[in-house]
Every structure is written in C-alpha cells, then in structure tokens.
Amino acid sequence: MEERMGNCWSYTKDQFDNLEKHTQSGIEFVERYSKFVKERSEIEINYAKQIRNLSKKYQPKKNSREEEENKYTSCRAFLSTLNELNDYAGQHEVIAENLTSQIIAELSRYLTELKAERKLHFNDGRKAQQQIEISWKQLESSKRRFERDCKEADRAQQYFERMDSDINVTKADVEKARQQAQMRHQMAADSKTEYSNYLTKFNQEQNEHYYTLIPNIFQKLQEMEERRIERVGVSMKTYAEVDREVLPIVGKCLDGMTKAAESIEPKTDSKQVVESYKSGFEPPGDVEFEDYGPGQTMKRTVSETSLSNSRGEAKERPGGGKSKGKLWPFIKNKNKLSLKLITLNSHVRNLIEGSGPEDFSHLPPEQRRKKLQAKIDDINKDIQKEMDQKDALTKMKGVYEKNPQMGDPASVDPRLAEIAMNIEKLQSEMQKFEGWLAEVEGRLPWKSDPSRRQSGLYETQNSNSTTVANNCAQDRESSPDGSYTEEQSSETQVKVAIANTPEFDDEFDDGDEETLPTIGTCKAIYPFEGNTPLTGHNEGTISVTEGELLYVIEQDKGDGWTRVRRNEEEEGYVPTSYVEVFLETNAKGAMTYI
C-alpha cells in the first residue's frame, strides 16, 4: 500500500514538473514572438525614416536651378513621386505604431497576467500535494500507534494470564496485572478508533485530491495554455492585418507614382525648352557669290550671313590683319570679358556681376518680352492688393463716419494717402514696363527703329537690305543677318554704362586727350547713322556710308564696337559687324580675329 501511494505521489509530482516546464516554455515562446514583432517595428521605423530622408534629399531646393526646372513635366512627375514616396514612408510608420500598440503592448500586458496565473495554479497544486502528504503521514502515525497499542495489550493480557495461573503470586499482583491488561486493551481500542477516523479522512482527502483538486488544477493549466496559444494566434493574425490595412493607401501611393510617370509629356517639355531659350532672332541669309576676274583678287572673307567663320578659322586680310569671326546665338564666345577702359563705378560693377538692366534689354527679344510681361503681371497683382486695401479702409472710414464711437475717420486718412501714393507709383511703373513691352512687340519680328541707340545693340535688315536699324530692346549685338555675340552683350552693357559716366567723358571725350595712333584701316560694308549735330543721338558714335574707308585707332575689345577716325578732327565708334577691318601686323596691340 505504501509503495503504491508513493508511486502515485511521485507520478503526480512528475506531472506537475512536466507541466511547469511546458508552461514556462510557452511563456518564453510568447516573449520571443513579442521580441520578433518589436524588432520588426524598429525596422519599419528605420525604413520609414530612411525613405523620408531620401525624399527630402531629392526635393528641389528653394531658389535653385532644380526649382526652376519644375516647369517640365518630367521634373514635376519626379516631384510627385517624391511626395508619394513620403506618404509611402508614412504608411510604414503606421505599421510600426500599430505593431507596437496592438501586439507588443498587448502581449506585454498578457505576459504579466499569464505569469501570475501560472504561479497561482502551481501554488494550488503544491498546497494540494502537501495536504495529501500531511494527511497520509497522520494516517501512518495513527496506524503505527494502533499497532503498538495492540501489541502492548496482547503482552499485558498474556502477563495477566500467567499471573492468574501462578499460585505463588498474590491476589494483589494478579489484580494489578488484570487492570494493566484492561488499560492496554482500552488504549488499543482508542488507537483503533483514531486510526479508523484518520483512514476515513485520508480516503476522503485522497479521493478529493485525485478526482477534484488535481483535475481542476490541471484543467485550469490546460485552459491557461489554450488561451496562451489562442492569444499568439490572434497576435499573428493582427500582425498580418496591420500590413493589410495599409495596402490600399500604399496602392494609392504607387498609383500616384504611376500616374505621375504617365503624365510626362516629352513634346510639352521640348516646347518648354524652346519657349525658354527662344531669342526672336531670324536665321542667317544666303552666302553671296563673289566673282573672280582678271586683275582682281578674291577677298578671303566669309559672308556676313555665313556660319563658317565661327568655326575658329582666321582669315588673313590684305592689310595683314585678320577678320573677326561672328558668333551665332548657339555658339559661345571664347573671348574672355576684359575691360581695362576706366575705373568702374558701382553700376558698371553690377553689370559685370550679371545684374541686368531694369528693362531687360540684355535679353533676346522673345525672352525680354516674357520678362516684361511677367513684371507687368506682378505689378498688376500688387496694384490689386493695394486696391483691395484701399476699398477695405474706405469701408472702415464709412463705418467710422456713421458710428463715431467706433473710431476716428481721420485716423484712416494717412493710410489711404500712403496707399494712393503706392498705387500711383505702381501705375507709373506699369506704364514704363508697358511702354517697353509695346516697343518690343512693335519690333518683333525684326522691325527697324533708327531713332536712337539704346544699350549699345542693334537689329538690322536682311542680307539684301540697304538700311540699318538700331534695336533698343536688346542688349546683345546683332549682325545684319541676325547673329549676335552672347558675351559681347555683357560688355556692351558695360560700354554704354561707362559712356554715361563722368569717367567715360574724361577718358574719351576730353579735348586735351592725346591722339591715338592708327593701328589699321577698315571699310564700311553697311551704312550707319551715328552721332550728328542734327540728330543728337547715339552719342560717341560716328556716321559712315557704305564703302567708306576709315582709320582704325582702337580695336574691338569684345563689346561689338570699333573706334575709327575719319580725319584729325572726327572720330568715334562704329559697330564692328558693319566694317571690314584690316589691322597692321606690326601694330601694337593688334588683335587676331577668329
């Protein structure tokens, strides 16, 4: 019996140990899964951060060339892709937040509850096991006491019988032995009763232990384990649903990227480039035929309407010089801007640094028209803002006049006067820019305006024309066929700015100035109307007629002007493109034209 009970208790204890190990393994599994989700959340956060940084890195910077390029559909599509990518990163942040709130936090709270419940169940099991062991020990103790008392009662009975049969023993001793035997029998009977009670109690407790307490504890542990497994399954399902919830928005982001890519229009972008760089100049005319006859030498010159001279080929002149090649709108000038005329004032420095004149005369006609139109639109917006403020203040003044307690009407007058002055200034600016715009639009395409020379640049007739026009709307030099020199335009602006300064007058218009030596000759191939007493315009220039021979005293410094002398009294500047220059090879500072 004792061996069987020991085996039962050992088996029960082993079962508790197995369950304890299994449930501990389950808790560790939940902790491991929670750690897995936490690391996934951190990956999502880092990924979203890197995606956002990538999107921010490639966003166009303010006041940069990238921002200006946003007018092209491909650049706008890329910007839309970056914005969608930023939203895409936001969805990964949502995934990380949902994983943290719906899984990691819930599992952490559940693990605390699970550990507490597991500890409670195993404590109940240990108490039940201890209780049945105590009951068994009490039963064993009462049983041993009952057995001992029975043996003592038997020995006392045998001793009484021996004393009673012995004739030599006194009656008192026999009585004493009889009382001792009765007492031992009574003790044995009491031990038997106690043993019987403990046995009944133990059987009841054992039955309750194996059929009620232990099964209930095992059932609770089983239910706890099932809930744990179920919770893990729910967490895994939530893990998938968290990703699934953002898929529609992620799909919209991807659809937005696709739509942005489909919105790219190559032809529209190419038209934008054309509109951005369209100059308004006409293409060159045909090359004229030059006949060769007896006693004639064919001039080694290139037609003014040809592109070949811009290839860098230097042509020798009969006078020993070289002709200066013309540069076309799409060919960059290789000559560096170098001005060593006079000390430059602040305005000239601004021109060199690239800040163009207010009328945008440094731009080609078409680009100048666009700039002027944009300026007019901006002024219109400013005027409208001022008008809105004026209307609001006028209404306020009317309210004050009707209800003096609300305010003094006179307090609005200074502000109204200020706005009126602002509007007047803006309207004056508007008229100025509209005049320039009308001037440009009246000249496009290629209209003549011989009345004045502005910004030192000229537009001319076609190759078969015999008249010359001055373009006051451009700040680039134009040849008779429409060619121009891009870098020369900046120098021309500086030349004109210098011509209007006292330094320029002191340097070049001073009557006491030392006469410059002749460095070559030139022949006028087109007529040019310069500064005359009758016209009084194109100051600093000299009029020439077609075919006239003049002396060169200062070569073109890159600004499109050559200084010539007709006689000892008369000298000035003429457009380099209007004359054929023959520089002396031994002349100081002679320049090779390419």
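The values are calculated or read from the model by the stated rules, or taken from the named source; none is laboratory data. These numbers were taken from a predicted model, which means no experiment stands behind them. A quick note on method: Cβ atoms are made from the backbone with ideal geometry, for glycine too, and the neighbour counts reach across all protein chains shown. Quick note on the areas: whole protein, heavy atoms, side chains included, nothing else; ligands and nucleic acids left out. Shrake-Rupley method; radii C 1.70, N 1.55, O 1.52, S 1.80 Å.
Please verify whether GLN102 is open to solvent by 50 Å² or more (accessible area, probe 1.4 Å) and not β-branched (Val, Ile, Thr), treating the condition exactly as stated.
Values: open to solvent by 50 Å² or more (accessible area, probe 1.4 Å): yes; not β-branched (Val, Ile, Thr): yes.
So GLN102 passes the test.
Every residue in region 59-111 that is over 30 Å from TYR33 (Cα atoms) and among the charged types (D, E, K, R), please.
Once the filter is applied, which keeps residues that are over 30 Å from TYR33 (Cα atoms) and among the charged types (D, E, K, R), region 59-111 yields LYS61, LYS62, ARG65, GLU66, GLU67, GLU68, GLU69, LYS71, ARG76, GLU84.
Is it the case that some residue within region 186-196 is open to solvent by less than 70 Å² (accessible area, probe 1.4 Å), part of a helix (DSSP H, G or I), of a type in the set (Ser, Thr, Tyr) and without any contact (Cβ under 8 Å) to a residue 40 or more places away in the chain?
Taking every residue of region 186-196 in turn, at least one turns out to be open to solvent by less than 70 Å² (accessible area, probe 1.4 Å), part of a helix (DSSP H, G or I), of a type in the set (Ser, Thr, Tyr) and without any contact (Cβ under 8 Å) to a residue 40 or more places away in the chain.
Checking ILE264 against (1) closer than 30 Å to ALA128 by Cα; (2) within 48 Å of the chain's Cα centre (by Cα), only one condition comes out false. Which one?
Condition not satisfied by ILE264: (1).
Any chance you could count how many residues in region 244-274 are in a helix (DSSP H, G or I), modelled with pLDDT of 90 or more and closer than 22 Å to LEU82 by Cα?
Qualifying residue count for the region: 18.
Determine which single condition GLN130 fails, assuming it passes every other condition in (1) within 30 Å of PRO215 (Cα to Cα); (2) at pLDDT 90 or above; (3) surrounded by fewer than 17 Cβ atoms within 10 Å (Cβ to Cβ).
Exception for GLN130: condition (2).
Show the residue pairs that are 6+ apart or on different chains and have beta-carbon atoms under 6 Å apart, the first residue being within region 366-384 and open to solvent by less than 60 Å² (accessible area, probe 1.4 Å), the second being assigned to a helix (DSSP H, G or I) and of a type in the set (Asp, Glu).
Going by the 6 Å Cβ cut-off, the qualifying pairs are ILE379/GLU429.
Considering (1) touching a Cys at 6+ places or on another chain (Cβ under 9 Å); (2) without any contact (Cβ under 8 Å) to a residue 60 or more places away in the chain, say which one GLN59 fails and leave the rest.
Every listed condition holds for GLN59 apart from (1).
Checking THR112 against (1) open to solvent by 90 Å² or more (accessible area, probe 1.4 Å); (2) part of a helix (DSSP H, G or I); (3) farther than 30 Å from THR238 by Cβ, which test does it fail?
Failed condition: (3).
Identify all residues within region 511-525 that are at pLDDT below 90 and either over 13 Å from THR562 (Cβ atoms) or open to solvent by 50 Å² or more (accessible area, probe 1.4 Å) (or both); write none if there are none.
Residues satisfying the conditions are GLY511, ASP512, GLU513, GLU514, THR515, LEU516, PRO517, THR518.
Tell me the residue from GLU152, GLU117, GLU84, GLU93 that is buried (at least 16 other Cβ atoms within 10 Å of the Cβ), assigned to a helix (DSSP H, G or I) and in contact with a Cys (Cβ under 7 Å, 6 or more places away or on another chain), please.
On the way: GLU152 fails: in contact with a Cys (Cβ under 7 Å, 6 or more places away or on another chain); GLU117 fails: in contact with a Cys (Cβ under 7 Å, 6 or more places away or on another chain); GLU93 fails: in contact with a Cys (Cβ under 7 Å, 6 or more places away or on another chain).
When all the criteria are applied, what remains is GLU84.
Do you know which residues across region 253-289 are open to solvent by 60 Å² or more (accessible area, probe 1.4 Å), touching an Asp or Glu at 6+ places or on another chain (Cβ under 8 Å) and closer than 28 Å to ALA96 by Cα?
The answer is LEU254, and nothing else.
Looking at this structure, is GLN50 assigned to a helix (DSSP H, G or I), surrounded by fewer than 16 Cβ atoms within 10 Å (Cβ to Cβ) and modelled with pLDDT of 90 or more?
Taking the combined requirement at face value, the residue satisfies it.
For residues that are over 23 Å from ASN18 (Cβ atoms) and either hydroxyl-bearing (Ser, Thr, Tyr) or not in a helix (DSSP H, G or I) (or both), tally how many sit in region 197-225.
Here the count works out to 2.
Taking region 530-564 only, how many residues are open to solvent by 40 Å² or more (accessible area, probe 1.4 Å), of a type in the set (D, E, K, R) and at pLDDT 85 or above?
Result for region 530-564: 1.
What number of residues within region 224-252 are open to solvent by 60 Å² or more (accessible area, probe 1.4 Å), of a type in the set (Val, Ile, Thr) and under 26 Å from the mean Cα position of the chain (by Cα)?
1
Pick from LYS38, LYS61: which is open to solvent by 100 Å² or more (accessible area, probe 1.4 Å), of a type in the set (D, E, K, R) and either touching an Asp or Glu at 6+ places or on another chain (Cβ under 8 Å) or not in a helix (DSSP H, G or I) (or both)?
Every option except LYS61 fails the conditions.
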